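Working notes for the structure below.
Since every read-out is calculated from the coordinates, none of them should be taken as a lab result. On a predicted model such as this, the values are computed, not experimentally measured, just so you know. Using ideal geometry, Cβ is built from the backbone for each residue, glycine included, and neighbour counts are taken over all protein chains shown.
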Amino acid sequence: MLGRAVERLSPDALEDVLADYYAVKDFRLTSATPRGLLAEVKAFCARAQGGEYYTSFRVDSRNFMEKSEGTEAFMAELDRLYACCIRAAESRPDRATREAFERLFALEAAVDEDPDAIVFFADEAGAWQLLTVWAKVLPAWFRCLAATAGPEEFAREVHRVIRAHCEHNRAKLLPKARSVASAAQKRALVAAPTTEGT
């Protein structure tokens, strides 16, 4: 919550709030360049896959709905990095920003494949517990994908990622993909199979 609030303050307002306590430069949460953002995402993924965020606790009938401190820290950093990617996509829908998104997607897929390897969930483990707001994340990624992929790749990746992470929201997300696609990408999106093996 603090990170989101800080990101919404103007530099002058942020300086007024922090002046007596911290240097404003310490609260710049966005990356200066796409390469900086990608490096940040790579480092986060490496830490996560190295077990840095995995902390467990003894589960009983009173605490099975709780999340460990490590899991909460992982979710907060994932959310922050997605927000950075979304902002970067507005001005830099390039290959580096696209890769940053896709590394985070792969990390969520890894949580589904082996829930106990990255974070601890007391009950019903899986990436669905991470609460990613795909309705915000994917339109920004679509912009990067449209700028960096040919028609067939664009169509294939749109369908693959929707299928993997938010199939239930396909009808709302496909128009967002079409809105940023070239004419050739739109045709490929229509022609591409929407499910594996069809």
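With both labels modelled 7 Å from their Cα along Cα-to-Cβ, the R160 to A43 distance reads 2.9 nm.
When the range 128-198 is described by a simple charge dipole with +1 on each Lys and Arg Cβ and -1 on each Asp and Glu Cβ, the residue from L173, L189, A155 located farthest towards its positive end is L173.
Applying 1/(1 + (r/R0)^6) with R0 = 30 Å to the Cβ-Cβ distance of T148 and E113 gives a FRET efficiency near 0.70.
Coupling constants for the range 108-118 follow from the phi torsions by the Karplus curve (6.51 cos²θ - 1.76 cosθ + 1.60, θ = phi - 60°), and in residue order they are 5, 4, 5, 5, 5, 5, 8, x, 8, 8, 10 Hz; glycine and proline get x.
Each peptide among 180-189, 167-176, 133-142 gets the average number of other Cβ atoms lying within 10 Å of its residues, and from highest to lowest they stand as 133-142, 180-189, 167-176. The spacing between the range 79-118 and the range 167-185, judged by their C-alpha centroids, is 19 Å.
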